[in-house]
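Encoded as structure tokens, the structure appears first; notes follow it.
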Amino acid sequence: MNKTDFVNIVVLGWIKSDLIRMRDTIRPDRSEVGNINFPLALCTLSCVEYLGGFLIGKDQKFTGNVEKYINECFQHPDEYPVEILRDLIRNGLAHDYFPRGAISRNNKRPAIYRGRTYSIVLDAETMVNDFIDSLDVFVEKLEDHKYEARMQGLSEKIDEFKVKHKSFIENLERQPRDDDQGTPSSGYPDSINTTTTDPNIE
């Protein structure tokens, strides 16, 4: 996958469209459950970590990737201290599905604040909006050689996965017409699957 396709299909197609659809389809309603506060925060931060590695040219793990992305692409980087994001969301939500504080969707600034009930609150709505707004900056700052280096590293990881789990993969059953409702998603070329160029299909 070349850089142009990555930007148009993966970044501005899948990542941006997925987050916009999550944000806009499920609106916060205090009288309802299922306001996706946790998934929206976790998914957004996962995307930040992922894209930060492309700005660096290699994986610098959560702290390095997120710090690079936020400092270079966010309009309000001072509102997102990376150590707080790591402990509040990544270590809390990703590992335990409970943040070490609270997650709101009030769309107010600052993005992290002291709540009336909770000692620390991250506003997922503000963060996802800041991230979506930052994607144009990311596209401008993404350098060819760093994109190539990071993509090479990711491709090697996928190859290692396929070798490690070769027997399991080879014994998987096929499903007829498995792409009728939505083609299988893959961020990278896969010799087994046909890659679509439609940014609306993952």
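Summary of values
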read-out	value
Listed values (i) 0.99; (ii) 1.01; (iii) 1.08, entry calculated as Rg/Rh (Cα atoms, Kirkwood Rh)	(i)
Residue-count net charge about P110 - beta-carbon cut-off 14 Å; Lys, Arg +1, Asp, Glu -1	-2
Residue with peak Gaussian network fluctuation, the chain [Cα springs, cutoff 10 Å], from V48, V82, V163	V163
9 Å beta-carbon shell around Q75, net charge (K/R +1, D/E -1)	-2
With eigenvalues of the C-alpha gyration tensor scaled by 5 and rooted, region 1-83, Å	25, 18, 10
1.4 Å probe accessible area per residue over the chain, in Å²	61 Å²
Projected area averaged over orientations for region 60-150, convex hull of C-alpha atoms, nm²	6.3 nm²
S31 versus S155: modelled label distance in nm, points set 7 Å from Cα along the beta carbon direction	5.4 nm
Taking the chain and dividing mean pair separation by its residue count, relative contact order in percent (alpha carbons under 8 Å, at least six apart)	26 percent
Angle in degrees between helix 124-141 and the longest Cα principal axis of the chain, rounded to the nearest 10	50 degrees
Nonlocal amide H pairs with N106, under 5 Å, H built at 1.01 Å	A124, E125, T126
DSSP loop trypsin sites (Lys or Arg not before Pro) with at most 16 other Cβ within 10 Å: longest gap in the chain	117-173
Percent carbon-and-sulfur accessible area, the chain, ignoring ligands, DNA and RNA, probe 1.4 Å	48 percent
Amide N proximity, region 114-158 versus F98 label position 7 Å along Cα-to-Cβ, cut-off under 20 Å	115-124
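The values are calculated or read from the model by the stated rules, or taken from the named source; none is laboratory data. Quantities reported herein were computed from a predicted structural model and do not represent experimental measurements. Neighbour counts are summed over all protein chains in view; Cβ atoms, including those assigned to glycine, are modelled from backbone coordinates with ideal geometry. Side chains included, ligands, DNA and RNA excluded: accessible areas come from the protein's heavy atoms. Shrake-Rupley method; radii C 1.70, N 1.55, O 1.52, S 1.80 Å.
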